[in-house]
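The values are calculated or read from the model by the stated rules, or taken from the named source; none is laboratory data. Quick caveat: nothing in here was measured; it's all calculated off a predicted structure. Every residue, glycine as well, gets a Cβ built from its backbone with ideal geometry; the counts of neighbours run over all protein chains shown.
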Amino acid sequence: MTEAAHTTSSNAPRQPRHVTIANSVGFGIGDFYGGGQTTLTATYLSLFWTRFCGLDIQTAQGIIGGCTVLGAFLALFFGTLSDNLYRYPVGRRFGRRRLLMLIMAPSLLVGVFLWIPGLPAAVYCLIYVAWIALFQIFMTAYNALPGEMTTDFRGRTLLSTTRLYISNGSSTLIPLIGSAILSARGEDHPSSYQLFTISFTIMFALAMFVCWKTTWEMSPEEAGFGAWVGVPHEHRRIGFTGWMRRAGIVAHDYASTLRIRAFRQHLGIYLLLMCAMDVFGQTFAYFVIFDWGQSAAFASLLLTMTVLALPLMPVCNWLLLNFGPRRVYAIGFTGIGTGAVMMIAAWLLRVTGVLTGTAWMVFTVAGTVVFFAFRTSAGFMPWQLFPLIADVDQIVTERSRSATFAGVQAFFRQLCSGVVAMGVGGVLALTGFDATRDAQPMSAQIGLACSTGGIYLLAVTIGWVISRRLRLDRATDLELLRETDRLRGGGAKRDVDPHTRRTVEELTGVKYEDVWPDAKA
């Protein structure tokens, strides 16, 4: 059998596969890395670099922020690469999503060098660039899988919920183990940090291999690349003009994602939550140490409050299915704001001496519990809604562009997070913050409080306003899919139900006459 023939048979259209609990766990293990690496680097990397590697706060945050901005542009490249790998024999043989995940598994071990003291700042920067690039590969390939593994809403919800369980589990496990090790071995030795940071880096690589092994994706035919199956790839020079033309097509493809109204709304809320979470992760340990006067081990222990996400996940899922995204967002945003106010109040109560001892500790822990409990419900929603975005886009473009949307989402997240990280580093430096001191001036304490809790208050306020206009939910997605199937089957646009027409226009932001261009008028 020739290679072309083998490829055709192996990628022939399949019967839809049912997502089981085992499938969802295999998929979710991938986010042991996704959620875990964010917690690991956001919580400990800047702290490790400023304490043991000779970097000041502005340099450390500058490297993290600058590399994150670079990662934003890498996200666009990898999004296009992932969506178009079926054009090439290697993609048709190994998959357009899973091939990238297979490459990632051993490559993640480069992260070990982030935790080696004594290297020049330029080397840390180069290693972090590679680390960020690998994360962008993961985001574009992994986020597209739920929409490709099944079109069933419950199946997608199972995948996303299991993913969030495991992601929150890793986000809880890392600071829990970190707190135990730092308490037992001391916080003044780099080996204490290296023991758990390097161990988790190795576990990330293993998790990525398991995820690659247990997932599947659309075949070339299902993804709209059937014409490429069995066609030998021609190696030819396209010249500078050809490359510029392709770059223009890619840029237009990415820009066109912002045409979709539901994606713009989702993206706005997602960026607010993720940027706030990134800054919180980078400053929380400093906030606990210098504003609350506690240890890094205590900060790590408080971060284990993310374990509250595990029992609350089914509750969030039930609320989503019965009340829709808008109410879940409203509940989450209200709770996050309350928790953030309580954490800032804990600092003020300590500074003024109004609350001390056990009473202060109870109030502080209570505020942290409220914050993390409600952050779960708000953070749960973007990952439930993202697989539906490609459904909204498909009725406009007649294409499945999950990775393109993942690339755009990752681009804006990394761009915004990078700019914010550099901004926070600069602001803290201006306030007189110096991580090598045992105490900070009041100006630096105010800067830490604003960076840790204040930014979340701003994010949830704006996010609540956006969420009030969100129309994408289980019912509207099902209505949209039915209309897509009708148009794909040759149905005429003039026969559309008025309610369906209104739903399509509200979700897409496009006039109904302009959707599914090949449909009969």
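Taking (1) assigned to a helix (DSSP H, G or I); (2) over 29 Å from THR50 (Cα atoms); (3) modelled with pLDDT under 90 in turn, ILE336 satisfies each apart from (3).
In summary, GLU513 fulfils each of the numbered conditions (1) in contact with a helix residue (DSSP H, G or I) (Cβ under 8 Å, 6 or more places away or on another chain); (2) closer than 30 Å to PHE374 by Cβ; (3) surrounded by fewer than 16 Cβ atoms within 10 Å (Cβ to Cβ) with the single exception of condition (2). In this structure, THR397 does not satisfy being β-branched (Val, Ile, Thr), over 26 Å from THR157 (Cβ atoms) and modelled with pLDDT of 85 or more.
Which of the residues belonging to region 140-161 are among the polar types (S, T, N, Q), assigned to a helix (DSSP H, G or I) and in contact with an Asp or Glu (Cβ under 9 Å, 6 or more places away or on another chain)? Within region 140-161, THR140 is the sole residue that qualifies. Criterion applied to THR157, THR151, THR161 was being within 26 Å of ASN317 (Cα to Cα), surrounded by fewer than 17 Cβ atoms within 10 Å (Cβ to Cβ), out of contact with any strand residue (DSSP E or B) (no Cβ under 9 Å at 6 or more places or on another chain) and not basic (Lys, Arg), and the one residue passing it is THR151. Whenever a residue of region 66-77 is closer than 11 Å to TRP131 by Cα, its partners that are hydroxyl-bearing (Ser, Thr, Tyr) and crowded, with 19+ Cβ neighbours inside 10 Å, lying with C-beta atoms within less than 7 angstrom and at least six residues away or across chains, give the pairs CYS67/TYR128; THR68/SER417. Take region 302-341 and flag every residue that is farther than 24 Å from GLY178 by Cα and crowded, with 20+ Cβ neighbours inside 10 Å. Hits for region 302-341 are CYS316, LEU320, PRO325, VAL328, TYR329, GLY332, PHE333, GLY335, ILE336, GLY337. The requirement of being in a helix (DSSP H, G or I), in contact with a Ser or Thr (Cβ under 7 Å, 6 or more places away or on another chain) and not small (Gly, Ala, Ser) is not satisfied by VAL351. Checked against (1) surrounded by 21 or more Cβ atoms within 10 Å (Cβ to Cβ); (2) not in a helix (DSSP H, G or I), LEU119 meets all criteria but (1). Taken together, the criteria place LYS511 among residues that are under 33 Å from the mean Cα position of the chain (by Cα) and free of Cβ contacts under 8 Å to residues at least 60 places away in the same chain. Quick check: is even one residue across region 286-295 touching a helix residue (DSSP H, G or I) at 6+ places or on another chain (Cβ under 7 Å), more than 22 Å from GLY447 (Cβ to Cβ) and touching a residue at least 40 places away in the same chain (Cβ under 8 Å)? No. Of GLY79, GLY95, all but one fail to be crowded, with 23+ Cβ neighbours inside 10 Å and under 18 Å from the mean Cα position of the chain (by Cα); the exception is GLY79. Of all residues in region 195-216, one or more are at pLDDT 85 or above, of a type in the set (Ser, Thr, Tyr) and surrounded by fewer than 20 Cβ atoms within 10 Å (Cβ to Cβ).
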